[in-house]
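One structure is given below, encoded as structure tokens.
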Amino acid sequence: MAKLIHPIAGTIALLMILSFWLATAMSELFAGPEAVATVKSSVLWGFLILIPALMAVGGSGFQLGKHMRGPLIAAKKQRMPFIAANGLLILMPSAFYLSFKAQAGAFDTGFYIVQAVELCAGAVNILLLGMNMSNGIRLTRNRRRKTV
């Protein structure tokens, strides 16, 4: 079951984070304050999908990788604590702060500093999750070759 859940949950999580990042960037660059506020509150609602997806990908990944060894597994395991810490310590608090500020119409220096930090941290997580997905695809491909 983990072999099915892991790639689906990972894809959902990566696409959610990517959509949060793109919606934020596009609304900041090309839309007004109302659109930014809508995006910021939508990101919080998106957590209802993202958090379970991240839990599923983490749990299934731990289960799948428990007895596996090799450089690809080691790389994935090494990246995961950073991805989780980045999400829990930077991205989630930033999302709540930015949503509250945007809802209040407080687009001040603090808002834009946190927004810049959030975009950078989000880009890092997108990159790291993408690298993990790439490694996972390579692992699956390697296993298929060995069994054929």
key: Net length gained if the chain between residue 48 and residue 123 were fully extended (0.36 nm per residue, minus Cα distance)   = 24.9 nm
key: residue 74-residue 19 pseudo-label distance in nm [points 7 Å out on the Cα-to-Cβ vector]   = 3.7 nm
ask   = Of 2, 68, 86, which is farthest along the charge dipole of region 1-98 in the positive direction, counting Lys and Arg as +1 and Asp and Glu as -1 at C-beta?
value = 68
query = Taking Cα atoms of the chain, Rg/Rh with Kirkwood Rh, to two decimals?
reply = 1.05
task = Quick one: what are the phi-derived ³J(HN,Hα) couplings along region 113-120, Karplus 6.51/-1.76/1.60 with θ = phi - 60°, whole Hz, x for glycine and proline?
result = 5, 5, 4, 5, 4, 4, 5, 5
key: Between region 67-104 and region 113-144, the Cα center-to-center distance that results, in Å   = 10 Å
key: Calculated from backbone phi, Karplus (6.51, -1.76, 1.60) coupling profile of region 61-76 in Hz, x at Gly/Pro   = x, 4, 5, 5, x, 3, 10, 9, 10, x, x, 5, 5, 4, 5, 4
FRET E, pair residue 30, residue 131, Förster distance 25 Å, beta-carbon r, rounded to 0.05 = 0.30
ask   = Roughly how large, in nm² to one decimal, is the mean projection of the convex hull of the alpha-carbon atoms in region 61-148?
value = 6.8 nm²
Theoretical FRET efficiency, 1/(1+(r/R0)^6), r = Cβ-Cβ of residue 97 and residue 8, R0 41 Å, to 0.05 = 0.85
note = Residue by residue through region 128-137, the couplings from Karplus 6.51 cos²θ - 1.76 cosθ + 1.60 with θ = phi - 60°, in Hz, x for Gly and Pro, are 5, 5, x, 5, 5, 5, 4, 4, x, 5
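None of the figures in this text is laboratory data; all of them are computed from the coordinates on show. The structure displayed is predicted, hence computed values, not measured ones. Glycine also receives a Cβ, built like all others from the backbone with ideal geometry; neighbour counts cover every protein chain displayed.
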